[in-house]
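Here's the structure we're looking at; comments come further down.
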Amino acid sequence: MWRITPVAGFRLGLIVPPGPDGSYHRAVIQLRLTVADLGQLRFAYSPLAEAAESLYMLSARRLPDIHRGWFDDVRDRLGDIDMDLLLTAVPGRSYMADFLFGGATSPQTSIEQQIAAVAAVSPDHFRREFAAVWTGGTMPPVIQDLVADPGGARRLANELWKYWTVAFEPHWRAMRAVFDDDVTYRAAELTKGGATAMVADLHPEISIQGEMLRIDRLALPGEEMTTAGVLLVPSAFSWPNVVFATGAGGPACLIYPARGVGNLWGRQERGPEDDALSSLLGRSRAAILSSLALPRSTTELAVELGQSPPAVSQHLAVLRRSGLVISWRAGRSVMYRRTPLGTSVVEADGTTIAETGDGSAIS
């Protein structure tokens, strides 16, 4: 079972988990990779795709348990948003409008850029996309009114913006931290095993076999990829699925579940004030280690914990020398995260964290 979603000259498919018997269909996507394609393999983030996928889940009433903490947090703040419009514009059907997935070019892609692109969609394109969304069904009156309005694209963009500010802006820093951590891990895998090993680790149904990028269970004919390269887009709300799109003149886009999504919502950890971890490490270092299930910079930790950046930096240096945290540079910042050893120390103190033995979150 799978769905195809058109995306601005793209064909986009969503892989679903195996059936109750654990079996997989044999149909696959196979695309030939050139040396130039592999040479332009790169990462991008898509804030708008996260919002669109969340609306699809809510509309289809298929919100996974892993995201229920997010919904519990945001549901009471959705009252001022036209959710009827948004959920009807992104229904739980076989198609979604292409402009909801456009514009991701790098990890610095902003929601402002993507919302502006939605607002600029031409009325003809806007009508065609919603006609495709509702193919085989009756277009609801709210969408009929939207597509009949010459300013319909801007109306939808405004509601998407309001939805983003309420449902995602408060969480985007944490989501970016998960994506940054995922990309750092993928970069290390690329260095150790090359592109083939790195791509194969994205999802059980993705592999590179010879010159072919293979995605199991999606029935599309093999085709040549453009030399525009491949965008790898880590995602929280695509979990546990994979979204793939190709289009002439632009890079192929592979949206995959990021590692660490299990750490995003509803994670509650005990404070270190009176616990054994505080006695072992000291209150400040215990607080820092407890906060590093997701990557943080020195400045972020200082603000979060109410400590000075120099003091946090000194504590981090001790924790790093002890093998409890690792660090890496991301742009102008140095990011820190617990190592598996650091996680085991926190867990031994009685804190429950949904992680695997290698430090990656269960997802």
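Per the conditions (1) modelled with pLDDT under 95; (2) of a type in the set (Asp, Glu); (3) in contact with a helix residue (DSSP H, G or I) (Cβ under 6 Å, 6 or more places away or on another chain), the sole criterion not satisfied by residue 159 is (1). Just so you know, in the stretch 314-347 the residues that are touching a residue at least 12 places away in the same chain (Cβ under 8 Å), among the small types (Gly, Ala, Ser) and surrounded by fewer than 16 Cβ atoms within 10 Å (Cβ to Cβ) include one that is farthest from residue 286 (Cα to Cα), and it is 333. Take the residues of the stretch 176-191 that are of a type outside the set (D, E, K, R) and buried (at least 22 other Cβ atoms within 10 Å of the Cβ): which is nearest to the chain's Cα centre (by Cα)? Step by step, filter the stretch 176-191, then rank; the result is 179.
The stretch 249-353 holds helices (runs of 4 or more DSSP H) entirely within its bounds, and those carrying 2 or more residues that are farther than 16 Å from residue 177 by Cβ, modelled with pLDDT of 75 or more and among the basic types (Lys, Arg) map to 283-290, 309-321. Taken over the stretch 206-216, the residue count meeting the criterion of being surrounded by fewer than 19 Cβ atoms within 10 Å (Cβ to Cβ) and either modelled with pLDDT of 75 or more or assigned to a loop (DSSP other than H, G, I, E, B) (or both) is 2.
Only one entry in 48, 55 is closer than 24 Å to residue 331 by Cβ, under 15 Å from the mean Cα position of the chain (by Cα) and either part of a helix (DSSP H, G or I) or in contact (Cβ under 8 Å) with a residue 40 or more places away in the chain (or both), namely 48. The criterion of at least 1 residues that are surrounded by 21 or more Cβ atoms within 10 Å (Cβ to Cβ), over 17 Å from the mean Cα position of the chain (by Cα) and not hydrophobic (A, V, I, L, M, F, W, C) is met, among helices (runs of 4 or more DSSP H) falling completely within the stretch 66-154, by 123-133.
The values are calculated or read from the model by the stated rules, or taken from the named source; none is laboratory data. Note that the coordinates shown come from a computational prediction; the quantities given were computed from them, not determined experimentally. As a convention, Cβ positions derive from the backbone with ideal geometry for all residues, glycine included, and neighbour counts pool all protein chains shown.
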